[in-house]
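These notes are about the structure you will find just below.
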Amino acid sequence: MKERVDAIIQKDQAEYLLSLEPKRDELLSEIELYAKENGIPISDPEVARFLTILIKASHAINVLEIGTAVGYATVWFARAVAGLGGKVTSVEKDEEKLIKAKNFLSKAGLADKVKLVLADVNDYLISCKETFDFVYIDHEKSLYRKSFDLVLPLVKNFGIITFDNLLWGGRVALDVNDSTTQSIRAFNFYLLHHPQVEASILPLGDGLGVAVKTRPTMRELGGPF
């Protein structure tokens with residue numbers, strides 16, 4: 001989630017766009033309030049809405065979320081795939097957060113649409129045998145490149161991979177050199193120049209990366225990577 005309304009785009013533009021944002025229902029508002037009161041980062045509503053548009057437009061029926069937190073984006077995704085007969089797999093290493101997400105999903109009547117996995121994300125990706133149409137990555141920023149490399153062979157050709165927080169409050173464009181900012185900056189270059197995808201970074205929320213897989217990986221072709 002972005003740190004302030006004008007972290008990425010100009011304040012008057014940001015406030016105008018926020019004024020147009022449809023009001024969320026009671027459950028989503030409850031999750032937003034819980035996350036705010038407990039200092040838990042979640043997706044911006046406009047990001048979650050855009051991702052559901054991508055899911056529906058691409059007819060994605062097998063969605064992977066890396067970083068459940070308390071299930072905010074998970075609810076959006078589950079609602080999107082419900083009409084397509086699809087499912088969401090969401091991976092989180094924090095058991096307390098996953099329990100809370102499970103409660104919110106049950107409250108939403110969506111528990112049967114989501115498989116919640118308690119695991120280290122990269123351990124899960126190494127052992128995973130499924131393939132996915134759509135992936136959303138929103139966990140530890142220093143692990144983005146590793147997670148991307150591991151998930152890419154699991155994504156169907158022309159599947160979509162998305163990433164939150166790629167503008168990192170605007171710090172990636174400034175003379176800021178803490179380890180997280182450096183990791184994101186390096187990942188952004190890696191993503192946009194990767195030979196297996198076509199990608200772009202949008203000034204939506206805290207910076208949303210969107211990539212389409214256009215070529216199989218060496219791992220899929222029988223190579224080591």
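Let's see how each residue does on (1) of a type in the set (Asp, Glu); (2) modelled with pLDDT under 95:
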{"position": "Asn165", "(1), (2)": "no, no"}
{"position": "Val176", "(1), (2)": "no, yes"}
{"position": "Thr181", "(1), (2)": "no, no"}
{"position": "Phe189", "(1), (2)": "no, no"}
{"position": "Ile201", "(1), (2)": "no, no"}
{"position": "Lys213", "(1), (2)": "no, no"}
{"position": "Glu220", "(1), (2)": "yes, yes"}
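Just checking, how many residues over the stretch 122-146 are assigned to a helix (DSSP H, G or I), touching a strand residue (DSSP E or B) at 6+ places or on another chain (Cβ under 7 Å) and under 15 Å from Thr180 (Cβ atoms)?
Going through the stretch 122-146 one residue at a time, the tally reaches 1.
Filter the stretch 149-172 for residues that are in contact with a helix residue (DSSP H, G or I) (Cβ under 8 Å, 6 or more places away or on another chain) and under 20 Å from Ile61 (Cα atoms) and give the result.
Listed by number, the residues that qualify are Val151, Leu154, Ile160, Ile161, Thr162, Phe163.
So the check is Cβ under 6 Å with 6+ separation or different chains; which pairs have a first residue in the stretch 30-42 that's touching a residue at least 12 places away in the same chain (Cβ under 8 Å) and a second one that's in a helix (DSSP H, G or I)?
Ile31/Tyr72; Ile31/Phe104; Ile42/Ala35; Ile42/Tyr72
Within the stretch 170-188, can one find any residue that is open to solvent by less than 10 Å² (accessible area, probe 1.4 Å) and over 24 Å from Thr74 (Cβ atoms)?
Kept after step one, since they are open to solvent by less than 10 Å² (accessible area, probe 1.4 Å), are these residues of the stretch 170-188: 181, 184, 187.
Keeping just the survivors that are over 24 Å from Thr74 (Cβ atoms) gives 181.
Yes, the conditions are met somewhere in the stretch 170-188.
State all residues of the stretch 5-41 that are basic (Lys, Arg) and outside any loop (DSSP other than H, G, I, E, B); if no residue qualifies, say none.
Those that are basic (Lys, Arg) and outside any loop (DSSP other than H, G, I, E, B): Lys11, Lys36.
The values are calculated or read from the model by the stated rules, or taken from the named source; none is laboratory data. Because the structure is predicted, anything quoted here is derived from the model rather than measured. Positions of Cβ are backbone-derived with ideal geometry, glycine not excepted, and every protein chain shown enters the neighbour counts. We work out accessible area using only protein heavy atoms, side chains counted, and drop any ligands, DNA or RNA first. Shrake-Rupley method; radii C 1.70, N 1.55, O 1.52, S 1.80 Å.
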